[in-house]
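The values are calculated or read from the model by the stated rules, or taken from the named source; none is laboratory data. What you see is a predicted model, and the numbers here were worked out from it, not measured in a lab. Reconstructed Cβ throughout: ideal geometry from the backbone, glycine too, with neighbour counts over all protein chains shown.
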Amino acid sequence: MNEVQLLIRAMDFAARKHRDQRRKDAEGTPYINHPIELAYLLIEHTGGDDVSVIIAALLHDTVEDTETSPDELEIIFSREVRDIVMEVTDDKSLPKNIRKQRQIDHAANASYPARLVKLADKICNLRDMHEHPPATWSLERKREYYDWARDVIEQLRGTHTALEALFDAEYSRKP
């Protein structure tokens, strides 16, 4: 299978897995828009040379938010994709505050591909927060999210200058 076929396969897989999910904005934007935005951002700003990173961006929330196993990702895509996805996957069995702190604590030790996916995820989340905020979130909660995302990204500094600049631009729009 060539790289284009793998990318389309990953997009189809993610779309099927997230088919009933919506973002928290007032419009209820289809969730699949989020991983597609990550993949596009990475292609646009990194050149898209590492297809495993782009595929992992498309699949980054499948284990965390759907009935997808790490083994399934490895069988269908590759061990490399599975490993990247697992590096950016939160353990949903833990309380939210512990999960959030773990993201901060583990970011600096993540592999380069996982760091790229994490940077793209936080950039896209801040864009969504600004342009399509969660309908039920207070101003304080939005501000807390921005600051937490900044704390994660501070651990990733030195990974990719252009992505870090994009994050900083999004962070500057903090409500």
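Go over the candidates I75, I84, I98 one by one and state the one that is at pLDDT 95 or above, among the aliphatic types (A, V, I, L, M) and more than 27 Å from L6 (Cα to Cα). Please lay out each step first, then the result.
Details: I75 fails: more than 27 Å from L6 (Cα to Cα); I84 fails: more than 27 Å from L6 (Cα to Cα).
I98 is the lone residue from the list that is at pLDDT 95 or above, among the aliphatic types (A, V, I, L, M) and more than 27 Å from L6 (Cα to Cα).
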Those residues of region 8-19 which are free of Cβ contacts under 8 Å to residues at least 60 places away in the same chain and within 16 Å of the chain's Cα centre (by Cα), in sequence order: M11, A14, A15, K17, H18
Test result for A169, more than 21 Å from E27 (Cα to Cα) and of a type outside the set (D, E, K, R): yes
Exclusive hit being within 19 Å of I8 (Cβ to Cβ) and buried (at least 19 other Cβ atoms within 10 Å of the Cβ), set I55, I123: I55
Residue in region 160-175 that is touching a Lys or Arg at 6+ places or on another chain (Cβ under 9 Å), basic (K, R), part of a helix (DSSP H, G or I) and surrounded by 13 or more Cβ atoms within 10 Å (Cβ to Cβ) present: no
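Which helices (runs of 4 or more DSSP H) does region 9-128 wholly contain that include 3 or more residues that are within 30 Å of A165 (Cβ to Cβ)? Explain how you work it out, then say what you get.
Values: elements: 33-46, 51-59, 62-65, 70-76, 79-87, 96-107.
Once the helices (runs of 4 or more DSSP H) in region 9-128 are filtered for at least 3 residues that are within 30 Å of A165 (Cβ to Cβ), what remains is 33-46, 51-59, 62-65, 79-87, 96-107.
Residues in region 23-40: is at least one of a type in the set (K, R) and under 18 Å from L126 (Cα atoms)? Spell out how you get there, then give the answer.
Here is the first cut: in region 23-40, the ones of a type in the set (K, R) are 23-24.
If we keep only those that are under 18 Å from L126 (Cα atoms) too, we end up with 23-24.
Checked region 23-40: at least one residue is of a type in the set (K, R) and under 18 Å from L126 (Cα atoms).
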Of residues in region 134-159 being touching a residue at least 40 places away in the same chain (Cβ under 8 Å) and assigned to a loop (DSSP other than H, G, I, E, B), the one surrounded by the fewest Cβ atoms within 10 Å (Cβ to Cβ): T136
